[in-house]
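Asks: Below is a structure I'd like to ask you about.
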Amino acid sequence: MKASSISPANIAFIKYWGQKDQKSFLPYNNSISMNLSNCISKTTVEFSNELKEDSIEIGFENKTFSKLSPTESGKNGFLFGQIENIRKLAGIAQKVRVKSVNNFPSDAGIAASASGFSALTVALCKAAGLNEIIADKRALSSLVRQAGSVSAMRSIFDGFTESCVTENECYTQQIADEKHWDLVDIIAITTLDKKSTSSTDGHSGAETSPYFAVRLQEISERLASCRKAILQKDFTKLGECMEADTISMHAVMMTSKPPIFYWNEGTMQVLNAIFKWRNEGLQVYFSIDAGANVHVICLSKDAQEIEASLLNLDKVLRTIINVPAMGTKITEEHLF
Ligand code: PMV
């Protein structure tokens, strides 16, 4: 009962921040994202009668692996909860060994939980024989959410996807596949430090911002524009609604109680450069998740020039180039 999967992180063009039900991780609003080809988690799991307890090891670029404790709080604790959820669904009692590796730094505003939680859920389902759930992507996306991450459910489908929330359910659907549009997301890394506030803690404070209600009022229109911009490949429209949404989410973060400031000097340096390049006629926009690193979005024809200019900024440590990617897949390449 060993299985492995591979899954991308994603960048949300229209983001979710805040959960109307924190027990079932139900977001207040839909969100739209693009899978990232170069921010990948690989996970291998094995259920066995030989094991006395569940164990999870996580590594970065195959170098150091750290072992998570089952008593861990926050997101890492949710991973053990997801193992339990899947054991119940499959009606099995065996303990499981999990090993997972990311090819990009986690906790720095690149959605590590998106790739990691989706890879874990799919590998567990495969190893536990839950093949009908794997075949039903809508049900699978909903199960991925139960791991504690809404962003993770968007990684299941290929390409550009939307997580859709109803009164008491949330599932993902595809807007277009990964070949639809040659966009590039150049992540400008301005810090490798762990972020100050986890997204789990941040979500719970969203409602304390006086601007949260305004954000929710605006979001349906922004979602509609974003969907249309992707389908019509209208880059200016996509860029405008993506930037407006990032600013709106960070305004909510900064005005929550207590306030959360994720940006650093490097973030502002990249933003100012983008404004300057755009004034000079280059088509380039930004998106920022819960962290200081900036996702610089452009068309593939401009990517080389923009990456070189980003690397000339003294606060940019390195870049990661991504194109639209396929979603979570089963692989026969095991990590142990
Ligand atoms: O689903 P979570 O808990 O990983 O939170 C994701 C939050 C943002 O990345 C800031 C926004 C988003 O929609 O991806």
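The values are calculated or read from the model by the stated rules, or taken from the named source; none is laboratory data. All figures in this text were calculated on a predicted structure; none of them were measured in a lab. Cβ coordinates were reconstructed from backbone atoms using ideal geometry, including for glycine residues, and neighbour counts include every protein chain displayed. Side chains are part of the model used for accessible areas, which takes the heavy atoms of the whole protein and leaves out ligands, DNA and RNA. Shrake-Rupley method; radii C 1.70, N 1.55, O 1.52, S 1.80 Å.
Asks: Please give the Cα centre distance for the range 1-30 versus the range 170-237, rounded to the nearest Å.
Replies: Cα centroid to Cα centroid, the span is 12 Å.
Asks: Quick one: ranking Arg145, Arg138 by accessible area, 1.4 Å probe, largest first, what do you get?
Replies: Sorted by accessible area, descending: Arg138, Arg145.
Asks: I've got another one for you. Per residue of the chain, what 222 nm ellipticity follows from adding -39500 (n - 2.57) for every DSSP H run with n ≥ 4, rounded to the nearest 500?
Replies: -11500 deg cm²/dmol
Asks: I've got another one for you. Cross-link partners among aspartates and glutamates for Lys195, C-alpha distance below 18 Å, same-chain residues fewer than 8 apart left out?
Replies: The reachable aspartates and glutamates, counting only those whose Cα sits under 18 Å from Lys195, are Glu72, Asp107, Glu265, Asp289.
Asks: Another question, then. When only alpha-carbon atoms are used, what values of Rg and Dmax, in angstrom, describe the chain?
Replies: 19.1, 64
Asks: Return the sequence-ordered ³J(HN,Hα) values of the range 205-220 in whole Hz as given by the Karplus equation 6.51 cos²θ - 1.76 cosθ + 1.60 applied to θ = phi - 60°, using x for Gly and Pro.
Replies: x, 4, 5, 7, 7, x, 8, 5, 4, 5, 4, 5, 4, 7, 6, 4
Asks: Where in the range 251-282 does the label zone of Leu216 land, with the point 7 angstrom along Cα→C-beta and an amide N cut-off under 16 Å?
Replies: Once the point is set 7 Å along Cα→Cβ of Leu216, 252-253, 256-257 turn out to lie under 16 Å by backbone N, inside the range 251-282.
Asks: Using a 1.4 Å probe on the protein chains only, how many percent of the accessible area of the chain belongs to carbon and sulfur?
Replies: 50
Asks: Take the alpha carbon gyration tensor of the range 1-65, find the square roots of its eigenvalues, order them as a ≥ b ≥ c, and report rounded if a/c is under 1.5; if not, report prolate when a/b exceeds b/c, else oblate.
Replies: Cα axes put the range 1-65 in the oblate bin.
Asks: Enumerate the lysines that Lys52 could reach by cross-link, defined here as Cα to Cα under 17 Å, with residues fewer than 8 away along the same chain left out.
Replies: Lys2, Lys67, Lys95, Lys99
Asks: Right, here's the next one. Given contacts defined as C-alpha pairs under 8 Å and at least six residues apart, what's the relative contact order of the range 133-220, whole-number percent?
Replies: Contact order relative to length: 17 percent.
Asks: Something else about it: Please report Rg over Rh for the range 178-336, where both radii come from the alpha carbon positions and Rh follows the Kirkwood definition.
Replies: With Rh from the inverse mean 1/r over Cα pairs, Rg/Rh is 0.99.
Asks: Relative contact order of the chain, please, whole-number percent, based on alpha carbon pairs below 8 angstrom and at least 6 residues apart.
Replies: 26
Asks: Measuring from label point to label point, each 7 Å out along Cα→Cβ, what is the Leu317 to Ala244 span in nm?
Replies: Computed distance between label sites Leu317 and Ala244 equals 3.4 nm.
Asks: Something else: So if each residue of separation counts as 0.36 nm, and I subtract the Cα-Cα distance between Thr166 and Leu192, what length gain in nm does that give?
Replies: Full-extension gain reported as 5.7 nm.
Asks: How long is the range 109-237 along each principal axis, judged by its Cα atoms, biggest number first, in Å?
Replies: 45, 37, 36
Asks: I've got another one for you. Which of the residue pairs Lys88/Lys228; Lys137/Lys301; Lys23/Lys233; Lys75/Lys237; Lys228/Lys329 have a Cα-Cα distance greater than 29 Å in the structure shown?
Replies: Lys88/Lys228; Lys137/Lys301; Lys23/Lys233; Lys75/Lys237
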